[in-house]
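So the structure is just underneath, and the comments pick up after that.
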Amino acid sequence: MKIAFFDAHGFEKKFYTNMSEQHELDFFEFRLDEKSVSLIENYDIVCVFVNDHLNDRIIQKLSEQGVKAVVLRCAGYNNVDLEAAKKYDLPVLRVPYYSPHSVAEHAVALMLCLNRKIHKAYYRMKDLNFSLDGLMGMDIFGKTVGVIGCGNIGKCFAKIMKGFSANVLVSDPHIDQEVSAFASYVAIEELLESSDIISLHAPLNPQTLHLIDKDAFSRMKEHVLLINTSRGGLIDSKALLQALKLKKIGGAALDVYEEEENVFFENLSDDGLQDDVLARLLTFPNVLVTSHQAFLTTEALENIAKITLDNINAVKNKTEFINQL
Ligand code: NAI
């Protein structure tokens, strides 16, 4: 199979080298969009990542070019028009489960860093400033942690929080018996009003877009820490900015941002930032941003590559597409 990898990053290529014995691989650093789709020809499969947007026109073009399948190197699929894929009979396969631990543990890292102000302490030490003013955090022990979306990743996060002896609240339409044994399922309003820490792990879809909006912020405790490692669109960023300006929340740690597409994964050191909302968010001492790196562990990348290869081989061998959307 001839495979075009879009938005290919240096850190992931080595995980695919064993695939080159069976398949012909081309790695493109640029993303798949309406321009780049015209540049590729004679590929059997296009392999895309979180910020390659596959709209109706792109899917139609891929189908016309004879592409047999779109293979996602990720779990989330909010960037693919699945209706269009159905219309043009183009199978879309993903990696539904690779390492929920990678993302959950990053959420914990963000939470602890934000709470104990490690990001501030790190720079202080570099400047030989050993004072403690402004570095006070809170114990997680005994606090209420709200988990919105408790599937594979949320469940891992909730279990870790239970290990901290936190009181875990969950908002999820699907009740998981294992989770309900140690956490309480509550309505989202109760979770927002009762939690000291809120971590988002729901998928982005029309129902969850801006789930955390002005009204949601108005319900939260003033010291709440908001963690988002799911998808940026779950939070209305302008409402977040207002909440921070008005000190309605204690802080936010974000691995994802709703307009991350042209920013995250890029080095903009020489160009500067065009996004005024993100630029302003970055000025707050109680805002921590990472560049969609929650999945970035060796184990996760190995699993993504393995399942991606399985998905490609299913297309090649015309066997069952167990990971088809
Ligand atoms: P999952 O499908 O196992 O779990 C999602 C859970 O959210 C399900 O239990 C579902 O019932 C629940 N849910 C759906 N709508 C909801 C709503 N309105 N309110 C509350 N809960 C709702 O998905 P998984 O594997 O846990 O991944 C979650 C998300 O994490 C993905 O959709 C993806 O966007 C994001 N992700 C982020 C990564 C990163 O590097 N930052 C890496 C991998 C995934």
Q: Would you mind stating whether Leu62 is open to solvent by less than 50 Å² (accessible area, probe 1.4 Å), assigned to a loop (DSSP other than H, G, I, E, B) and in contact with a Leu (Cβ under 8 Å, 6 or more places away or on another chain)?
A: no
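Residue by residue, here is whether (1) of a type in the set (A, V, I, L, M, F, W, C); (2) at pLDDT 95 or above holds:
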{"site": "Leu72", "(1), (2)": "yes, yes"}
{"site": "Asn78", "(1), (2)": "no, no"}
{"site": "Glu105", "(1), (2)": "no, yes"}
{"site": "Lys143", "(1), (2)": "no, yes"}
The number of residues in segment 273-289 that are within 23 Å of Arg124 (Cβ to Cβ), open to solvent by less than 30 Å² (accessible area, probe 1.4 Å) and outside any loop (DSSP other than H, G, I, E, B) is 3
When His53 is run through (1) out of contact with any helix residue (DSSP H, G or I) (no Cβ under 9 Å at 6 or more places or on another chain); (2) within 16 Å of the ligand (Cβ to nearest atom); (3) more than 22 Å from Ala300 (Cα to Cα), the failure sits at (1)
Exactly one of Leu93, Leu110 is within 30 Å of Lys61 (Cβ to Cβ) and open to solvent by less than 30 Å² (accessible area, probe 1.4 Å), and that one is Leu93
Of Ile197, Ile148, the only residue that is assigned by TED's automatic domain parsing to the domain that holds Lys221, away from the ligand (no atom under 15 Å from the Cβ) and in contact (Cβ under 8 Å) with a residue 60 or more places away in the chain is Ile197
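Name every residue in segment 213-252 that is within 12 Å of the ligand (Cβ to nearest atom) and either touching a residue at least 60 places away in the same chain (Cβ under 8 Å) or out of contact with any helix residue (DSSP H, G or I) (no Cβ under 9 Å at 6 or more places or on another chain) (or both), in order of residue number.
Of all residues in segment 213-252, those within 12 Å of the ligand (Cβ to nearest atom) come to 216, 227-234.
Within segment 213-252, Ile227, Thr229, Ser230, Arg231, Gly233, Leu234 meet the criteria.
Does at least one position in segment 296-317 carry a residue that is open to solvent by less than 50 Å² (accessible area, probe 1.4 Å), within 14 Å of the chain's Cα centre (by Cα) and closer than 23 Å to Gly10 by Cα?
Taking segment 296-317 as the starting set, the residues that turn out to be open to solvent by less than 50 Å² (accessible area, probe 1.4 Å) are 297, 300-301, 304-305, 307-309, 311-315.
Of the ones still in play, those that are also within 14 Å of the chain's Cα centre (by Cα) are 297, 300.
Subset that is closer than 23 Å to Gly10 by Cα: 297, 300.
Yes: one or more hits.
Could you list, in sequence order, all residues of segment 2-49 that are in a loop (DSSP other than H, G, I, E, B) and open to solvent by 50 Å² or more (accessible area, probe 1.4 Å)? Steps first, please.
Here is the first cut: in segment 2-49, the residues in a loop (DSSP other than H, G, I, E, B) are 6-9, 22-23, 28-35, 39-44, 49.
Selection gives Gln22, Glu29, Phe30, Asp33, Glu34, Lys35, Leu39, Glu41, Asn42.
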Here, helices (runs of 4 or more DSSP H) confined to segment 121-209 with at least 2 residues that are open to solvent by 70 Å² or more (accessible area, probe 1.4 Å) and in contact with a Lys or Arg (Cβ under 7 Å, 6 or more places away or on another chain) are 188-194
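May I ask you to list the residues in segment 258-272 that are under 19 Å from Asp236 (Cβ atoms) and open to solvent by 40 Å² or more (accessible area, probe 1.4 Å)?
We begin by selecting, within segment 258-272, every residue under 19 Å from Asp236 (Cβ atoms); these are 258-261, 263-264.
Matches in segment 258-272: Glu258, Glu259, Glu261.
The values are calculated or read from the model by the stated rules, or taken from the named source; none is laboratory data. Quantities reported herein were computed from a predicted structural model and do not represent experimental measurements. Here the Cβ is made from the backbone with ideal geometry for all residues, glycine too, and neighbour counts use every protein chain on show. Protein only, heavy atoms only, side chains kept; ligands, DNA and RNA dropped before computing areas. Shrake-Rupley method; radii C 1.70, N 1.55, O 1.52, S 1.80 Å.
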